[in-house]
Amino acid sequence: MDDRSHPGRIPRPPWKRQLVALAAWLAVTASVGLADIIHLRNGGRIEGRVIQETPTHIHVRTRFGSVMRFARDQVARIEKTIDIRDEYETRRAAIKPTDAASLFELHRWCKDNGLTHEAETLLEEVLQADPDHAGAHELKGEVKIRGKWLRPADAEAAGYRLHGGKWLDHDEYMRATGHVPWGSQWITESEYDRLKVKTDMEALLNMELTVVNSAHFGVRTRFPPEHAENLLRLAEQAYDAFLEAIPYPEDAIRNWARIQIYLFGTLEEYQTFFDKYIWPRRYVTREEHYVHYREAGNCMFFFPHPIIALRRSPALPKFADQAALAVNNIGQVMLHRMRKEIYPPDWLQEGMGHFVEEKIFGHCRIFTIMPGQLSSQELIVPDWRNSQDWRKRINRLLVPGEVPSWKVIMKKPLGGINTKELAKVYAVIRMILRKKPGALRAFLDRATKHSWEAVFEEAVGWTPEQIDQELVAFIQENY
């Protein structure tokens, strides 16, 4: 409002109104892009560019482009500095249009000094000088894919996916995320393993197979999926039971390959598998072992990959008999995997197999094949362990002369231990795991091919004679 519209009010001089306006600019003006500092007599300070000086006035251009005029008597002094835009013009004039590196450096200098418009212009000039300049493209938010610079939205529209900090095409992305091609589709590696095994084995055996996998096992069988899944569940329980009894560090077992279990319905199916798969791969190298395993209908191999192959016994129509045998074999295979460089003694293999079997099923088949054998159906009776027959069989181990001493059993060769002796082996292993936890782990850690007998006695802390004595007390206390 004009001061003259109010009678009696003394009009303010024009220069005072200019000072009020300039004071408002003080809060928003900045040194960036302005060259001179005008110090006023009233203590104020104006930053701008002196564009004209006369004997009576000074003309100042602010960074917003407006020009303001001050009387000479208003100004105390003028602090002259180099104008940032003058410096920009000087630097720009020294750079050739084809020098992309220098243009890019000047772009960065402009950004640091608040010359935003000049910085954006320079970025385009960089790309004109060098269309493949990575720094300029990256500042524009572009990525280089197959020699072309694209915005992320355009890259995705073209079928690329960002994974692990890299832009991948469809096939690369599928492989990077654990998929493999199967015909015209992509499937997971675990699914590929299942289908590959299924296809290869079906072609080899000329029969349709069920193939299922878990963390530590694979089951291949001609029986229905529910049987395979049941066996897989029992196998994982056996795995946990073994490591609970003889714990090993996780880093020692992390890279173990799956134990593959093949379950067949007849001896002929098993023998076809043995002749076409086991024998050609030299899992068996000696002729007498070939005959033995082929006729037995049951084999375990540990190198190069662990395999358990079984046929379903016609004498026991229920599935539990082969499941129990598979679980028993898992205990033995696990023992081998812990110390590949030694061959554990036969009694230890058999003992751990029967121990794991008893942990999972609450019974152990070895007591059904001792003299006075139980019927086949009684094998899978849940409460058989509390029956009189169970106590009769375990208590036979207490009869003097009924079963050889532990010292004799320990020295028996592979395959030379009979059923009565196997029953004692199971009982001894059960006793050691109960009364001497950690002893079998210590034995496996320290044993060598030629020292296992002495190391076992040292690890357990009992002589063979003491084991016979302790076993009598253990059976009397627990059975």
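The values are calculated or read from the model by the stated rules, or taken from the named source; none is laboratory data. Please read all numbers here as calculations on a predicted model, not as lab measurements. Using ideal geometry, Cβ is built from the backbone for each residue, glycine included, and neighbour counts are taken over all protein chains shown.
Key figures
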item	result
Some residue of the stretch 40-57 being more than 46 Å from the chain's Cα centre (by Cα), in a helix (DSSP H, G or I) and either outside the structural domain of ALA153 (by TED's automatic domain parsing) or within 30 Å of ARG151 (Cα to Cα) (or both)	no
ASP193 being at pLDDT below 85 and among the charged types (D, E, K, R)	yes
Every residue from the stretch 277-286 that is charged (D, E, K, R) and either at pLDDT 85 or above or touching a Phe, Trp or Tyr at 6+ places or on another chain (Cβ under 7 Å) (or both)	none
Test: ALA241 is in contact (Cβ under 8 Å) with a residue 60 or more places away in the chain and under 29 Å from the mean Cα position of the chain (by Cα)	yes
Selection within the stretch 258-293 - within 29 Å of GLU208 (Cβ to Cβ) and out of contact with any helix residue (DSSP H, G or I) (no Cβ under 9 Å at 6 or more places or on another chain)	GLY265, THR266, GLU268, PRO280, ARG281, ARG282
The one condition in (1) touching a strand residue (DSSP E or B) at 6+ places or on another chain (Cβ under 7 Å); (2) not in a strand (DSSP E or B) that ALA76 fails to fulfil	(2)
Residue match in the stretch 302-317 (condition: assigned to a helix (DSSP H, G or I), modelled with pLDDT of 65 or more and not hydrophobic (A, V, I, L, M, F, W, C))	no
When residues of the stretch 58-109 are limited to those that are among the hydroxyl-bearing types (Ser, Thr, Tyr) and at pLDDT 90 or above, the one farthest from the chain's Cα centre (by Cα)	THR98
Residues of the stretch 100-135 that turn out to be under 23 Å from GLY147 (Cα atoms) and among the polar types (S, T, N, Q), as a count	1
Residue within the stretch 197-204 that is surrounded by 15 or more Cβ atoms within 10 Å (Cβ to Cβ) and free of Cβ contacts under 8 Å to residues at least 12 places away in the same chain present	yes
Conditions (1) closer than 30 Å to VAL356 by Cα; (2) surrounded by fewer than 14 Cβ atoms within 10 Å (Cβ to Cβ); (3) of a type in the set (Asp, Glu); number of the one not met by ASP193	(2)
Candidate set: the stretch 165-178, residues that are in contact with a helix residue (DSSP H, G or I) (Cβ under 7 Å, 6 or more places away or on another chain) and closer than 22 Å to GLU191 by Cβ; chosen: the one modelled with the lowest pLDDT	GLY178
Residue tally, condition out of contact with any helix residue (DSSP H, G or I) (no Cβ under 9 Å at 6 or more places or on another chain) and within 30 Å of PHE274 (Cα to Cα), over the stretch 184-206	15
All positions within the stretch 217-232 that are charged (D, E, K, R) and either touching a residue at least 24 places away in the same chain (Cβ under 8 Å) or surrounded by 15 or more Cβ atoms within 10 Å (Cβ to Cβ) (or both)	ARG220, ARG222
PRO382 vs. criteria modelled with pLDDT of 85 or more, in the same structural domain as MET334 (by TED's automatic domain parsing), within 42 Å of the chain's Cα centre (by Cα) and assigned to a loop (DSSP other than H, G, I, E, B)	no
Residue among HIS163, HIS117, HIS170 that is under 32 Å from the mean Cα position of the chain (by Cα) and exposed (fewer than 12 other Cβ atoms within 10 Å of the Cβ)	HIS170
Single unsatisfied condition, HIS133 versus (1) modelled with pLDDT under 90; (2) farther than 30 Å from PHE274 by Cα	(1)
Answer from PHE70, PHE104 - the residue that is outside any helix (DSSP H, G or I) and of a type in the set (Phe, Trp, Tyr)	PHE70
Residues of the stretch 270-289 satisfying the condition of being surrounded by fewer than 17 Cβ atoms within 10 Å (Cβ to Cβ) and over 16 Å from LEU204 (Cβ atoms)	ARG282, THR285, ARG286, GLU287, GLU288, HIS289
Residue count, the stretch 416-457 (criterion: part of a loop (DSSP other than H, G, I, E, B) and without any contact (Cβ under 8 Å) to a residue 40 or more places away in the chain)	6
Count of residues meeting criterion [modelled with pLDDT under 90 and part of a loop (DSSP other than H, G, I, E, B)] in the stretch 224-252	4
